[in-house]
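Note sheet for the following structure.
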Amino acid sequence: MLLLAFALAVTILFVVLRVLGNPVFALISVGATDAEIAAAAARLGVDRPIHEQFFAYIGQLLSFDLGQSFTNHLNVGDEIVRRLNVTLPLTLLSFTLSVLIAVPVGFFAAWKSRTWYGTTFSAVSQLGGAIPVFWVGILLVAVLSLGWRLFPAGGFPRTDWEDPGAALYSLALPVITIAIVAGSDLARYVRSATLDILGQQYLRAARAAGQSFATALWRHGVRNGVVPLISILAIQLSTTFVGAVIIERVFALPGLGDMLLVGIKEQDFPSVQGVLLFSTALVLVLGFIADVLQRIIDPRLRDSLSGNRRTKALA
Amino acid sequence: MTSRRFNRLLAASAAVSAGALLLAGCASGAAPAASGDADASAEIVVGSQNEPTNLDQIFGGSSGVTEVFTGNVYEGLFRITDDAEVEPLLAAETEVSDDGLVYTFTLADASFHSGDPLTAEDVKYSLERFVGDESIAARKNQLKVIQSVDVVDDKTVAVTLAQPSISFTYNLGYVWIVNDEAGELTTTADGTGPYALADYRKGDSITLEVNEDYWGDAPANGGVVYQYYADPTALNNALLTGAVDLVTSQSNPDSLAEFEAAGFQIIEGTSTTKELLAFNDRLAPFDDVAVRKALYSAIDREKLLDAIWDGRGELIGSMVPPSEPWYLDLADNNPYDPALAEQLLAEAGYADGFTFTIDTPDSGVHSTVAEFLKSELAKVGVTVDINIITDDEWYQKVYTDKNFQATLQGHVNDRDINFYGNPDFYWGYDNADVQSWLAASEAASTVEEQTELIAKANQQISDDAASVWLYLNPQLRIAAEGVTGVPENGLNSLFYVYDITKA
């Protein structure tokens, strides 16, 4: 299933890119002759029939080679790894921060849902989730960088992580930006999951059996509530990754998002394919891990997995 | 004797172009006095939106590669100064045969960053590479006149041309001399310039360090970093917060007031970028000179320039900007005169107007310009349909297939009036006189003769309204307080960084 989805993504991407653009035009300038254009196409290999190009590319992929950039001939795989130096920490830090914001806020908003501050919490999180991430970024830069000069307005140290302090400092504002938006989304899920649990019979039963509210919530509530949250968290992690890709442009960060956008602009097919395939694989793998985790936590899901047979047998 | 003749030639061309610049009143923005002491070890951070696609000029590195490397990391046999003069650089001495076909260069005592000394072999390799089959360099066609390159001895190289080419040394000013041992140069560099490539981070930055063994004068700063920004707002923010010291090209005049108020220097020079409304001159009604002239006169270009560049930049009336020797002031040759436009249209049989489509690239200011043209031409009864296309589609549909009625394009190259001498060029302007003048100008034996011939072509294309030359872009750079030595003009994206200092 996973492989099929991946193969489909590879094929669609390959065809769409080649139908929509011609990488030669990103390299030549006004004054180039037809012969020069043809020679450049031949050098890139885009003058060959599309199926030939496709099979060559599949062959490359099977040997775990993402190919070379059309424009500067760098190895696409190496370049992705270099860019992950920025995008991976950005994604993980944003995700962690968004969970740290969302869980207490969402829980609090549900627990106190009948009070005015509970309502305010959920209203604010609605608002936070409704604003586009780049807009939050622009606002934060205007206030915190240009106004108060607390954070750099963008950029990443040229020395990468040699100076972790400097690297973290340059990621601070983008992380906050993504966390605000992603955290607002997540808070709404946490709130509704908590509301669900709080209204459950088993919680009342546990309380009636003499457990304190906290114990009942921890023993029964959390374990029940966390199952749907895991798949939401997996989706959220993917969303954060996409958010990182967008926000890199606002903050001039040399990550995967920048590689993708520049690749599209320069019609650098191998780079665009590389980044998108990597992202696709990442999303698919995250979904898979979430599935597995859910089954470990919730025995009922394990049953339903092998269970089709059993249910049938019973019927 | 031949050498003296050559020097005269250089001097003459220098004088002519310098004069042209003066005539143009080449508005230099700020010539700031060095405030405080400049720090010779300071690293200058240059912000730019023009990231090269790769680091080699012959593989379509784009204008971004010129901005970083030409004159800074790589040197040519000649140098084009910021005022468009030609000076000897790696060619310490030049002798030209009497028939103008053989150029013999004696090389300067330079060496590459890798330590390899500069030899005649390197020059031969570099020139042959530039015009070779693999090359898609922007200036390749002008240098195809090279017939052979022969190594005379270690420090002497002779270049034989197929026919005399008066712009030969000028064109050589753009050709890098690279180490023949260097191999692929799309991600590395090995030149003879005052800086060596220290670091290349695609999507982020290019770092140049001072070449301690440079054969010429040491640079005034301690290294230069080009920091790239895809987003113009991010670039402006970087300048405002001091993350970069200067910006090579400001494409949006809206933010200038903000920078000026904050104490930044606005440096205005002249560029070679011309905004064109190019017709497909092969097709009716644009095959009729009267129609083209009518449309030219229907457009209030002064108002357009005001709207786009806030009054900066210049009005031009042909393809030639004031920085070129054969410039003529033709800005009013096709004057703004709607009544004249209507009269010309009526004479051409289009009293009721007509409808045409402008293929408009979605980059830069073209779509704003297109909207303006649409409203201007509507006033004389001509209806414009705007068809927005990508740069890619432009190269396919307009440039290669020539399947268009009219288009907008910013033509960035210097001396590109030559395109009007090629009837197969995308706009299809076909005038035998212009073709022969331009061809003869290249074979001219003196600069005066060359200038005279190109000026004739210049006058003719303007009289014919071969295209509508809307305006010449200004070259706007913004620098922080205390930054000095920033080159003013943007002639073909050249940007020498060795004089830049900051306090």
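The values are calculated or read from the model by the stated rules, or taken from the named source; none is laboratory data. Keep in mind it's a predicted model, so treat the numbers as computed, not measured. Counting neighbours? That spans all protein chains shown, and the Cβs are built from the backbone with ideal geometry, glycine included.
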Can you name every residue in the range A:37-49 that is touching a helix residue (DSSP H, G or I) at 6+ places or on another chain (Cβ under 7 Å) and assigned to a helix (DSSP H, G or I)? A:37, A:40, A:41, A:44
Taking the range B:264-291, which residues are small (Gly, Ala, Ser) and more than 25 Å from the chain's Cα centre (by Cα)? B:284, B:290
Checking A:111, A:148 in turn, the sole residue that is of a type in the set (Phe, Trp, Tyr), within 12 Å of another protein chain (Cβ to nearest Cβ) and farther than 30 Å from residue A:268 by Cβ turns out to be A:148
Somewhere in the range A:174-190, is a residue surrounded by 14 or more Cβ atoms within 10 Å (Cβ to Cβ), in contact with a Gly (Cβ under 6 Å, 6 or more places away or on another chain), within 14 Å of chain B (Cβ to nearest Cβ) and part of a helix (DSSP H, G or I)? yes
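If you check residue B:71 against the conditions, is it at pLDDT below 95 and either touching a strand residue (DSSP E or B) at 6+ places or on another chain (Cβ under 9 Å) or buried (at least 24 other Cβ atoms within 10 Å of the Cβ) (or both)?
No; evaluated as a whole, the condition is false for this residue.
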Residue B:236: assigned to a helix (DSSP H, G or I) and closer than 30 Å to residue A:68 by Cβ, yes or no? no
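If you go through the range A:213-272 one residue at a time, how many are of a type outside the set (A, V, I, L, M, F, W, C) and under 15 Å from the mean Cα position of the chain (by Cα)?
The total comes to 10.
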For residue B:495, work out the one condition from (1) within 23 Å of residue B:329 (Cα to Cα); (2) aromatic (Phe, Trp, Tyr); (3) in a loop (DSSP other than H, G, I, E, B) it doesn't fulfil. (1)
Does the range B:224-236 include one or more residues that are more than 24 Å from the chain's Cα centre (by Cα) and modelled with pLDDT of 95 or more? no
Any hit, the range A:201-219, residues being out of contact with any strand residue (DSSP E or B) (no Cβ under 6 Å at 6 or more places or on another chain), over 20 Å from residue A:102 (Cβ atoms), within 14 Å of another protein chain (Cβ to nearest Cβ) and in a loop (DSSP other than H, G, I, E, B): no
Can you tell me how many residues in the range B:82-91 are over 13 Å from the mean Cα position of the chain (by Cα) and of a type outside the set (A, V, I, L, M, F, W, C)? 3
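Take residue A:103 and tell me if it is assigned to a helix (DSSP H, G or I), within 14 Å of another protein chain (Cβ to nearest Cβ) and either under 26 Å from the mean Cα position of the chain (by Cα) or farther than 15 Å from residue A:263 by Cα (or both).
no
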Just for the range B:171-211: of the residues that are part of a loop (DSSP other than H, G, I, E, B) and within 15 Å of residue B:498 (Cβ to Cβ), which one is farthest from the other protein chains (Cβ to nearest Cβ)? B:192
With under 30 Å from residue B:422 (Cβ atoms), within 14 Å of another protein chain (Cβ to nearest Cβ), at pLDDT below 90 and buried (at least 17 other Cβ atoms within 10 Å of the Cβ) as the only criterion, which of A:42, A:32 stands out? A:32
Which one is farthest from the other protein chains (Cβ to nearest Cβ), of the residues in the range B:382-404 that are buried (at least 18 other Cβ atoms within 10 Å of the Cβ) and under 22 Å from residue B:288 (Cα atoms)? B:382
Check residue A:32 against each of (1) hydrophobic (A, V, I, L, M, F, W, C); (2) farther than 29 Å from residue A:241 by Cα; (3) touching a residue at least 40 places away in the same chain (Cβ under 8 Å) and name the one condition it does not meet. (3)
Taking first residues from the range B:49-65 that are facing chain A (nearest Cβ under 9 Å) and second residues anywhere that are among the acidic types (Asp, Glu), the pairs with Cβ under 6 Å that are 6 or more apart or on different chains are B:53/A:266
